1. Near THR220, within a Cβ-to-Cβ distance under 12 Å, what is the net charge of the other residues, with Lys and Arg +1 and Asp and Glu -1?
2. Enter the Cα centre distance for the pair the range 1-47 and the range 425-461, rounded to the nearest angstrom.
3. If each DSSP helix of 4+ residues adds -39,500 (n - 2.57) and the sum is divided by the residues in the chain, what number results at 222 nm, nearest 500 deg cm²/dmol?
4. Just subtract the alpha-carbon distance of HIS417 and ARG237 from 0.36 nm times their residue separation and send over the number in nm, one decimal.
5. Among all the lysines, which ones have a C-alpha under 30 Å from LYS167's C-alpha, if same-chain residues fewer than 8 places away are not counted?
6. Determine, for each peptide in 34-42, 75-83, the mean count of other beta carbons within 10 angstrom over its residues, then list the peptides with the highest first.
7. Restrict the search to the range 293-397; then list the trypsin sites (Lys or Arg not before Pro) that DSSP places in a loop and that have at most 12 other Cβ atoms within 10 Å of their Cβ.
8. Once fully extended, how much extra length lies between GLU286 and ARG268, figured as 0.36 nm per residue of separation less the alpha-carbon to alpha-carbon distance?
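Each reported figure results from applying straightforward, stated rules to the coordinates on display, with no laboratory input. Treat the numbers as computed from the prediction; the structure is a model and nothing was measured. We place every Cβ from the backbone using ideal geometry, glycine too, and count neighbours over all the protein chains shown.
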Amino acid sequence: MICLSLTAETFEENLGIIARYRQYIDLLELRADFLGTSACSHLERFPSLTDLPVILTVRRKQDGGAFSGTEADRLRLIAKGLVGGYAYVDLESDLGENQAERIASGKGTRIIRSFHDTRGVPADIPSLLRTLPRTKREIPKAALMCSGSTDLERILHAYAACNDMGKILLGMGDAGFPTRVLTGRLGSLMTYTSAPGTRAAPGHIDPETLSTRYRYRTITGSTRIYGIIGNPVMHTRSPLIHNAGFASLGIDAVYIPFQTDDLEAFFRIADMLPIVGCSVTIPHKEAVLPFLAKQAPDVNAVGACNTMLKTHTGWEGYNTDVQGFLEPLLLRTGTERLARMKATVIGAGGAARAAIYALRSFGVQVLIVNRTREKAEELAKQFGCASAPLSGAYAGIISEFNDIIIQTTSCGMTGHHEENPISEYRFRGTEIAYDIVYSPPVTPFLAQARKAGCMTIGGEEMLTAQGKRQFRLFTGKDLTQEP
Ligand code: ATR
């Protein structure tokens with residue numbers, strides 16, 4: 001079930017949010033700790049304003065809520081609300097016997113007996129879940145802050161250990177996000193969502209995104225699970241590409257971001273769920289290599305892997321960045337013209353390696369320009385290129401390798417302050433300027449090139465091209481519909 005948590009100040013605003021998401025939700029949680037005083041004075045009326053079952057919750061600050069009054073005031077407010085006949089009430093595990101519970105029992109309201117840890121994951125989650133309910137009718141709920149892969153792993157073990165009991169178990173925070181998508185599969189009675197921009201709990205997404213992008217209603221025990229590992233990873237557009245592909249081709253699969261800070265823990269998680277295929281992004285593209293049973297030639301040559309497939313002999317690694325990088329370029333140049341061109345690659349990190357390897361495989365003469373001179377020299381030696389530091393007279397040297405100029409550093413990326421890393425170079429207008437940064441779509445580097453009349457390629461094209469190849473590796477099918 002998908003529960004929509006309501007955190008507006010008035011009933012009217014909350015009813016507006018319900019109307020917006022009505023088709024995606026099964027029940028509501030009225031978070032009365034966010035309501036204004038006037039709405040609180042009519043708390044008992046809310047269940048009659050909607051046809052959906054409602055959970056009444058007045059969350060304390062210590063549990064991540066907004067109620068700042070005394071405990072006696074909070075219990076009085078809950079008791080007053082329950083007179084209106086809520087379907088459920090959320091009562092914390094440390095509460096003693098109180099008037100609210102007596103009213104709940106008289107009205108047939110089911111108690112969700114909740115435990116929150118906003119700082120971490122307790123040692124023994126199964127024992128916690130088993131001791132939470134005080135009667136057979138009570139539903140135990142644990143919402144635990146997941147700050148990394150090992151926290152998620154422990155929560156997944158707890159689902160398995162408690163698969164004989166009805167419960168609500170959720171990992172909060174970005175690392176806990178997979179639990180919010182896989183609740184049905186893992187065995188949690190419901191998942192919580194909220195409207196964008198509200199403050200219900202860390203890690204919530206809205207019910208429409210959960211249903212449409214993450215295919216919540218279609219996930220069953222046989223759905224194939226794919227993922228992306230990175231840190232951070234929640235901003236990535238890959239779930240959009242792959243989930244849209246699964247939906248349009250009728251493939252029973254889901255693609256979920258796994259914020260990963262511990263690769264060993266991730267691979268244990270992957271075995272547990274199980275995950276059958278995975279994209280790999282920063283900072284793990286090189287670090288996953290020791291976990292691979294087999295590597296495609298591109299992975300070997302670049303020293304980085306962005307796609308993994310689980311086979312009966314272990315994980316196989318692929319690199320779709322190489323072909324993904326080449327595709328938009330070849331579209332503009334064709335293979336023969338590309339082979340005769342000279343190119344400058346700015347940067348000497350993992351992304352630069354894939355670009356340099358791709359260009360050299362076509363015989364392109366390459367100059368590597370990097371802030372740290374030694375890194376440029378090392379790559380130049382390995383791939384047979386020229387190199388120069390990003391200081392001094394670099395503009396003149398670039399002029400000798402300027403059919404194509406490729407920007408691979410994080411300069412110009414949304415959230416980064418650095419601008420065009422080669423601002424001293426004057427574009428002639430004949431260069432192809434290629435930035436692998438995709439957000440924003442036009443970086444300062446591309447803007448300067450465009451102004452001079454250059455043909456430009458934005459990072460979005462590479463992202464889509466590598467994603468298509470990844471999708472083919474995952475499913476054996478072509479991605480027909482772009483998101
Ligand atoms: P990725 O795998 O995304 O390529 P990386 O391996 O960390 O990431 O490499 C980042 C590249 O961007 C490096 O070449 C880095 O230059 P240094 O080798 O000198 O560190 C480059 N880079 C990052 N920030 C930069 C900046 N502000 N100006 C110039 N180059 C920058």
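1. Working: positive: ARG185, ARG215, ARG217, ARG224; negative: ASP252.
With Lys, Arg at +1 and Asp, Glu at -1, the neighbours total +3.
2. Answer, in whole Å: 47.
3. -10000 deg cm²/dmol
4. Working: separation 180, 0.36 × 180 = 64.80 nm, distance 2.19 nm.
Stretched fully, the HIS417-ARG237 segment lengthens by 62.6 nm.
5. LYS61, LYS80, LYS107, LYS136, LYS141
6. Values: 34-42: 15.6, 75-83: 20.1.
Highest-to-lowest ranking by the protection proxy: 75-83, 34-42.
7. Details: sites: LYS294, LYS310, ARG332, ARG337, ARG340, LYS342, ARG353, ARG360, ARG371, ARG373, LYS375, LYS381; in loops: ARG340, ARG371.
Hits after loop and neighbour filter: ARG340.
8. Details: separation 18, 0.36 × 18 = 6.48 nm, distance 1.87 nm.
Result for the pair: 4.6 nm of gain on full extension.
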